[in-house]
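Everything on this sheet refers to the single structure shown next.
Just so you know, all these numbers are worked out from the coordinates, no wet-lab data involved. All figures in this text were calculated on a predicted structure; none of them were measured in a lab. Cβ placement follows ideal geometry from the backbone for every residue including glycine, while neighbour counts extend to all protein chains displayed.
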Amino acid sequence: MLYFLNGFMGSGKSYWGRRWGKAFDLEFYDLDDVIEQREGMTIREIFEVKGEPAFRRIENEALKTMFEKTNAIIACGGGTPCFHDNIRRMYRAGITIWLKTPLDALVERLLPERAHRPVIAHTDELTLPGFITAKLAEREPFYHRCLYHFYTPYLSDENFRKIQDKCKRHS
């Protein structure tokens with residue numbers, strides 16, 4: 001089974017993906033890491049050199065390679081489900097999970113990481129909350145299409161265990 005973790009940057013997709021991968025004996029893939037290895041550039045460099053439209057095409061190709069995996073959990077980029085009909089493809093290929101995180105937690109996590117995250121590199125302490133709010137308004141319709149929605153302040157290993165148990169009963 002494939003599990004696709006979706007949500008805004010800073011929502012904990014990589015953290016929970018690694019944790020659940022280890023706890024439940026699943027391979028773990030961070031889609032951004034896959035892209036960086038394939039391209040030989042950081043995500044920031046890809047945005048700077050090739051631009052966001054090219055990055056989204058590269059991201060889509062990297063996501064397609066994930067569909068060939070089995071028994072894996074994939075941490076997707078925050079924008080992955082919003083382009084190239086990716087959310088529908090993920091939904092068909094496996095289980096989609098939205099990690100929904102409160103705005104204050106996102107701001108706290110992302111503020112020190114702005115230099116490494118091209119989508120928010122132009123923001124500062126005053127503009128970051130507004131930018132996140134606007135970007136979430138654009139992206140939430142895609143995130144809402146995920147099969148499972150988890151509010152991250154209450155997230156635990158048990159949440160994932162319940163999904164796995166449900167999948168096993170229906171397979």
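To make sure I understand, if each residue's beta carbon is the centre and we count other beta carbons within 10 Å, what order do SER14, SER156 fall in, fewest to most?
Values: SER14 17, SER156 11.
Neighbour counts put them in this order, fewest first: SER156, SER14.
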* Asked: On full extension of the chain, what length is gained from TYR91 through THR42, given 0.36 nm per residue of separation minus the C-alpha to C-alpha distance?
  -> 14.9 nm
* Let me know the Rg and Dmax you get for the chain when you use only its Cα atoms, in Å. => 15.5, 49
* Asked: If you put +1 on each Lys and Arg Cβ and -1 on each Asp and Glu Cβ, how big is the dipole of region 2-166 around its Cα centre, in Debye rounded to 20?
  -> 540 debye
* Structure fact -> In the chain the DSSP beta bridges are antiparallel at a rate, in percent to nearest 5, of 0 percent
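On full extension of the chain, what length is gained from GLU61 through CYS167, given 0.36 nm per residue of separation minus the C-alpha to C-alpha distance? Mind dumping the intermediate values first?
Working: separation 106, 0.36 × 106 = 38.16 nm, distance 2.70 nm.
Answer, rounded to one decimal: 35.5 nm.
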